[in-house]
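Reviewing the structure listed below.
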Amino acid sequence: MATQQTPNGYTLDTGGKRIVVDPVTRIEGHMRCEVNVDENNIIRNAVSTGTMWRGLEVILKGRDPRDAWAFVQRICGVCTGTHALTSVRAVEDALNIDIPENANSIRNIMQLSLQVHDHLVHFYHLHALDWVNPVNALKADPKATSELQQKVSPHHPKSSPGYLRDVQTRIRKFVESGQLGPFKNGYWTNPAYLLPPEADLMAVTHYLEALDFQKEIMTVRTIFGGKDTHPNWLVGGVPCAINMDGDMAAGAPITMERLNYVRGVTQRCIDFCKNVYLPDILAIGGFYKGWLYGGGLSGTSVLAYGDIPDRANDYSAGNLMMPQGAIINGDLSRVHEVDVRDPEQIQEFVPHSWYKYDDDKAGLHPWDGVTEANYVHGPGLIGTKTNIKQLDENGKYSWIKAPRWRGHAMEVGPLARYVVGYAQGHEYWTDQINSVLSTLDVPVDALFSTLGRTAARGMEAVWAAEVQMYFLDKLVANIKNGDSSTANTTSFDPKTWPAEVKGVGFTEAPRGALGHWIRIKDTKIDNYQCVVPTTWNGSPRDNEGNIGAFEASLMNTKMEVPEEPVEILRTLHSFDPCLACSTHVMSEDGEELADVKVR
Amino acid sequence: MHETFYDVMRRQGITRRSFLKYCSLAAGALGLSPAFAPQIAEAMETKPRIPVLWLHGLECTCCSESFIRSAHPLAKDVILSMISLDYDDTIMAAAGDQAEAIIEETIKKYDGNFILAVEGNAPLDEDGMYCIIAGKPFVEQLRHVAEHAKAIISWGSCASWGCVQAARPNPTRATPTHKVPNMPDKPIIKVPGCPPISEVMTAVITYMLTFEKMPSLDNQGRPKMFYSQRIHDKCYRRPHFDAGQFVEEFDDEGAKKGYCLYKVGCKGPTTYNACSTVRWNGGLSFPIQAGHPCIGCSEDGFWDKGGFYDRLTDVKGFGIEANADEIGTTAAAIVGGAAAIHAGVSVVKRIAQKGDDA
């Protein structure tokens, strides 16, 4: 059958059997995946498709730039807040607004708490069932489980045999009720599950504990942003004024009691990530360390914008506590500088996306981005436009565009960040990586895998919780020094703005590098473009035929039972896909775009 | 015959006495008084957990995220002990064919006896293919499941009103549940908000399970128990409004003292929701308490009602006892500039609907 060599080093073979997974579940948003497996059930071709599109950036045209954060925050309710933060940074960049130190600390606390929450919920509630079999947990001996628990996680107090037996009893009753709820039709007899019953019971117990605990993590954002999901933000700083002991401090947004609340939650985040989350990954990883599929682009092409500015208003690489840089061609000895303003570096392509450019082969920098929907399929489509049986990946096949860094398909996210950090000698992260590798007794190459991606997320959660405490201490110290300022409102009034400006904001969302590019004209949004993590990772092919990170990571994986997509889910989930984020659009002229839609 | 929770417990050798004790403990755990124990016992003895099929259209998953943050009851207890969440693509183990099979199995086994929960909405343009599930338009899945459901819960502002993707110019013609053409005629409970408050979401479900009926709805289809008063009506900063004490700009003296946020754009006077009473995340805070004006996220079309920092104007006097039904059609306007406000007057204002749902 037809084989094809991609410039980024993969041999695609569209022969064999085609497997379709739609919907891919336990992700944010909607996605489809198709693969070809050969006679040995090894994946030889992978096709990943974003299956939703909302057009938020079209909706932003003509709006007040100060309101943009609220619109773009609704791009995603899972990585809630990270788009809002990126947006206020873009507007502040355009209007040259400096924010107070306290605002920087509070924003960092909010962003870091998202990393902790998102990573933890991802691991336990979106990803764990790819490794953990809850039905098998019923066979566990609670006493042996208690011993396992105390061995892998000696500092977690909930480890008595009686406690674990109670959890097991509850799961048994649930299973025996015949109503399996979210566990219904799972792949519980598939040989891809490798854990002994005791490890399964421990993990299921923590699935439930984590479900209870996660609601606490985000209370930090309820304190500073008033609610969560979707807290409130402000161009020029943060909306929560500080009043420690002045007139009418009672009922002020930020008081001693509020800061104490944040401190308590932050400490519990550190404890849970250190004593439960990371140990669970190591325990589960120990049983799966022979399953090192899924590396994809992580060992060759990774990108990080960097985030968490130590001092306010300095977004240069040296001031960012999460590193910035790009690695290409697998050369970890050289970390390339990344400039989100450089029109040559970041470009988006659409030859295989359901959009059209004047020149479909062109790549456009986000400040000059154009999108016009064009829902057409290639001649190889099986089925119809409204009942797709099999996609034709030689034609257009996704609502996601294909962003490239200097022409390279890149992986972004926790593993990409850790690879860049490792290459740059980020001390804390390098120590973590070495510790995890030695605990699991695997070589550094093991990092470039599905499991490595999952482990990087766990390590990062521990780091983020500790840095959250660093910024809380910094906030308190600054207040103690007499600075209680939280917002700079000197340029809040649009009458003070120049007629035409442009700006860019970037962050590291939990899922990876995130950028927003804005043009403001006559105080209104003239152009708004987001390039988000899952656009990078879930990208379809480009003009040259390079495959994106999702597709690359699935290549050459062996499936135990092709009809049961356990391995596909396991690897796709390791990226924590967010499809509502990735499927966006921008047009220079919103009206024209609307006309295209209304047929 | 469905095996009930009571059957399962009895089979495990649990006595009836222990079972009743369990029910009273369960009542306590759910934050209900012991008087509810007999009702819980009755429900567990006679009924399987009610199946819920939770579908996702165009959305951002903020409603699901809010749901799992519920402090009382815990999401864990809702999922394990109160409902049977048989389909929810955000958390379900199965994918692809095995996931879609669950929908047909549920329809076959529980036809007319399951709840359809809708998060997000259906785009109608491009033949519905702006949101694709299993190769087909989401809107087809929505209509199909609705046809067999007992009742529908429209979670959040997407399913209730359209929300952000339906803001002008609504590029995909995103359409809320009740406006989808050829939608089967089923009772719809709207639980708006972007997202709705966690404990409001779980309370709506627990109310239906405990009292075995739909909550009373206002004429827009929202449960009166949470949406019958404006945020302004019970806002803890209301005395500052009445006293004419306002935040003039962010981080000024008024902001530090917790004055009223009306002048920096607060939409509390026109927004029906429980934020100032139930509050958020276990009653910890709400937007106004944290210093930001309400943006009105539970109101129909709130994205297209002027800027979030523009002041409400043209306020007329309405007593706080007026509910959404009584003043629902009152029109008002919004401007960004200075405007006279009348301290001491209960204000409300219903912003003119744009009416462009297309």
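The values are calculated or read from the model by the stated rules, or taken from the named source; none is laboratory data. Quick caveat: nothing in here was measured; it's all calculated off a predicted structure. No Cβ is skipped: glycine too gets one built from the backbone with ideal geometry, and neighbour counts run over all protein chains shown.
Mind checking which residues of the range A:189-221 are touching a residue at least 40 places away in the same chain (Cβ under 8 Å) and within 19 Å of B:S84 (Cα to Cα)? Please lay out each step first, then the result.
From the range A:189-221, those touching a residue at least 40 places away in the same chain (Cβ under 8 Å) are A:190-211, A:213-214, A:216-221; that's our starting set.
Across the range A:189-221, the qualifying residues are A:V204, A:Y207, A:L208, A:L211.
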- [ ] Check B:E105 against each of (1) within 28 Å of A:V35 (Cβ to Cβ); (2) in a loop (DSSP other than H, G, I, E, B) and name the one condition it does not meet.
- [x] (2)
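Could you tell me whether A:K151 is basic (K, R) and part of a helix (DSSP H, G or I)? I'd like the intermediate steps shown before the answer.
Values: basic (K, R): yes; part of a helix (DSSP H, G or I): yes.
Taking the combined requirement at face value, the residue satisfies it.
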Task: Flag for A:A90 being under 19 Å from A:V531 (Cα atoms), out of contact with any Cys (no Cβ under 7 Å at 6 or more places or on another chain) and modelled with pLDDT of 95 or more - done: yes
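If you go through the range A:515-522 one residue at a time, do you hit one that is outside any strand (DSSP E or B), buried (at least 23 other Cβ atoms within 10 Å of the Cβ) and modelled with pLDDT of 95 or more?
The answer is no; no qualifying residue exists.
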TODO: Out of the residues in the range A:1-55 that are within 14 Å of chain B (Cβ to nearest Cβ) and hydroxyl-bearing (S, T, Y), state the one that is surrounded by the most Cβ atoms within 10 Å (Cβ to Cβ).
DONE: A:S48
Task: Residue list for the range A:123-146, restricted to those being surrounded by fewer than 20 Cβ atoms within 10 Å (Cβ to Cβ) and without any contact (Cβ under 8 Å) to a residue 40 or more places away in the chain - done: A:K143
Task: Tabulated pairs, the range B:97-108, first more than 8 Å from every other protein chain (Cβ to nearest Cβ), second among the acidic types (D, E), C-beta under 7 angstrom, 6+ apart or interchain - done: B:T106/B:D86
Open item on the list: Kindly evaluate B:P187 against the criterion of being under 26 Å from A:Y375 (Cβ atoms), out of contact with any helix residue (DSSP H, G or I) (no Cβ under 7 Å at 6 or more places or on another chain), surrounded by fewer than 24 Cβ atoms within 10 Å (Cβ to Cβ) and away from every other protein chain (no Cβ under 14 Å).
Closed with: no
Task: Unique residue being in contact (Cβ under 8 Å) with a residue 24 or more places away in the chain and among the aliphatic types (A, V, I, L, M) when the list is A:L120, A:L180 - done: A:L120
- [ ] May I ask you to list the residues in the range A:430-440 that are without any contact (Cβ under 8 Å) to a residue 60 or more places away in the chain and either more than 12 Å from A:G452 (Cβ to Cβ) or buried (at least 18 other Cβ atoms within 10 Å of the Cβ) (or both)?
- [x] A:T430, A:D431, A:Q432, A:I433, A:N434, A:S435, A:S438
Open item on the list: Would you confirm whether or not the range B:163-183 contains a residue that is within 11 Å of another protein chain (Cβ to nearest Cβ), at positive phi and of a type in the set (K, R)?
Closed with: yes
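If you check B:P239 against the conditions, is it away from chain A (no Cβ under 12 Å) and free of Cβ contacts under 8 Å to residues at least 60 places away in the same chain? Lay out the reasoning, then the answer.
Working: away from chain A (no Cβ under 12 Å): no; free of Cβ contacts under 8 Å to residues at least 60 places away in the same chain: yes.
Here the answer is no, as B:P239 does not meet what is asked.
On the given criteria, is A:W69 more than 7 Å from chain B (Cβ to nearest Cβ) and in contact (Cβ under 8 Å) with a residue 24 or more places away in the chain? Outline the logic, then answer.
Numbers: more than 7 Å from chain B (Cβ to nearest Cβ): yes; in contact (Cβ under 8 Å) with a residue 24 or more places away in the chain: yes.
Yes.
Could you please let me know if A:E508 is touching a residue at least 12 places away in the same chain (Cβ under 8 Å), crowded, with 18+ Cβ neighbours inside 10 Å and assigned to a strand (DSSP E or B)?
Working: touching a residue at least 12 places away in the same chain (Cβ under 8 Å): yes; crowded, with 18+ Cβ neighbours inside 10 Å: yes; assigned to a strand (DSSP E or B): yes.
It is true that A:E508 is touching a residue at least 12 places away in the same chain (Cβ under 8 Å), crowded, with 18+ Cβ neighbours inside 10 Å and assigned to a strand (DSSP E or B).
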- [ ] Determine which member of the set A:A249, A:A283, A:A241 is free of Cβ contacts under 8 Å to residues at least 60 places away in the same chain and out of contact with any His (no Cβ under 6 Å at 6 or more places or on another chain).
- [x] A:A249
Open item on the list: Could you go through the range A:220-243 and let me know if any residue there is charged (D, E, K, R) and surrounded by fewer than 24 Cβ atoms within 10 Å (Cβ to Cβ).
Closed with: no
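Confirm whether A:K474 is surrounded by fewer than 17 Cβ atoms within 10 Å (Cβ to Cβ) and farther than 30 Å from A:L572 by Cα. Spell out how you get there, then give the answer.
Numbers: surrounded by fewer than 17 Cβ atoms within 10 Å (Cβ to Cβ): no; farther than 30 Å from A:L572 by Cα: yes.
Taking the combined requirement at face value, the residue does not satisfy it.
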Task: Residue among B:K256, B:K267 that is surrounded by 23 or more Cβ atoms within 10 Å (Cβ to Cβ), touching a Phe, Trp or Tyr at 6+ places or on another chain (Cβ under 9 Å) and either at positive phi or not aliphatic (A, V, I, L, M) (or both) - done: B:K267
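Go through the range A:342-356 and count every residue that is surrounded by fewer than 15 Cβ atoms within 10 Å (Cβ to Cβ) and either without any contact (Cβ under 8 Å) to a residue 40 or more places away in the chain or in contact with a strand residue (DSSP E or B) (Cβ under 9 Å, 6 or more places away or on another chain) (or both). I'd like the intermediate steps shown before the answer.
Initially, the range A:342-356 is screened for residues surrounded by fewer than 15 Cβ atoms within 10 Å (Cβ to Cβ), giving A:342-344.
Going one step further and asking which of them are either without any contact (Cβ under 8 Å) to a residue 40 or more places away in the chain or in contact with a strand residue (DSSP E or B) (Cβ under 9 Å, 6 or more places away or on another chain) (or both), we end up with A:342-343.
Count: 2.
Would you point out which residue out of A:K139, A:K158 is at pLDDT 95 or above, more than 14 Å from chain B (Cβ to nearest Cβ) and more than 30 Å from A:F224 (Cβ to Cβ)? Spell out how you get there, then give the answer.
Values: A:K158 fails: more than 30 Å from A:F224 (Cβ to Cβ).
Checking each option against the conditions leaves just A:K139.
Name the residues in the range A:72-102 that are among the small types (G, A, S) and more than 9 Å from chain B (Cβ to nearest Cβ), would you? Reasoning before the result, please.
If we filter the range A:72-102 for residues that are among the small types (G, A, S), which is where we start, we get A:77, A:81, A:84, A:87, A:90, A:94.
Across the range A:72-102, the qualifying residues are A:G81, A:A84, A:S87, A:A90, A:A94.
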Open item on the list: For a quick check of your reading of the model, give me the residue pairs whose first member lies in the range A:541-563 and is surrounded by fewer than 16 Cβ atoms within 10 Å (Cβ to Cβ), whose second is assigned to a loop (DSSP other than H, G, I, E, B) and aliphatic (A, V, I, L, M), with beta-carbon atoms closer than 9 Å and at least 6 apart or on different chains.
Closed with: A:E560/A:A192; A:V561/A:A192
- [ ] For residues that are part of a helix (DSSP H, G or I), within 8 Å of chain A (Cβ to nearest Cβ) and not polar (S, T, N, Q), tally how many sit in the range B:57-73.
- [x] 4
Task: Selection count where residues are within 7 Å of chain B (Cβ to nearest Cβ) and not in a helix (DSSP H, G or I), scope the range A:198-235 - done: 8
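So which residues in the range A:405-428 are surrounded by fewer than 24 Cβ atoms within 10 Å (Cβ to Cβ) and either among the basic types (K, R) or touching a residue at least 40 places away in the same chain (Cβ under 8 Å) (or both), if there are any at all? Full working, then the answer.
Narrowing the range A:405-428 to residues surrounded by fewer than 24 Cβ atoms within 10 Å (Cβ to Cβ): A:405-408, A:422-428.
Answer for the range A:405-428, where residues must be surrounded by fewer than 24 Cβ atoms within 10 Å (Cβ to Cβ) and either among the basic types (K, R) or touching a residue at least 40 places away in the same chain (Cβ under 8 Å) (or both): A:W405, A:R406, A:G407, A:H408, A:Y422, A:A423, A:Q424, A:H426.
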Task: Residues of the range A:357-367 that turn out to be modelled with pLDDT of 90 or more and surrounded by fewer than 16 Cβ atoms within 10 Å (Cβ to Cβ), as a count - done: 4
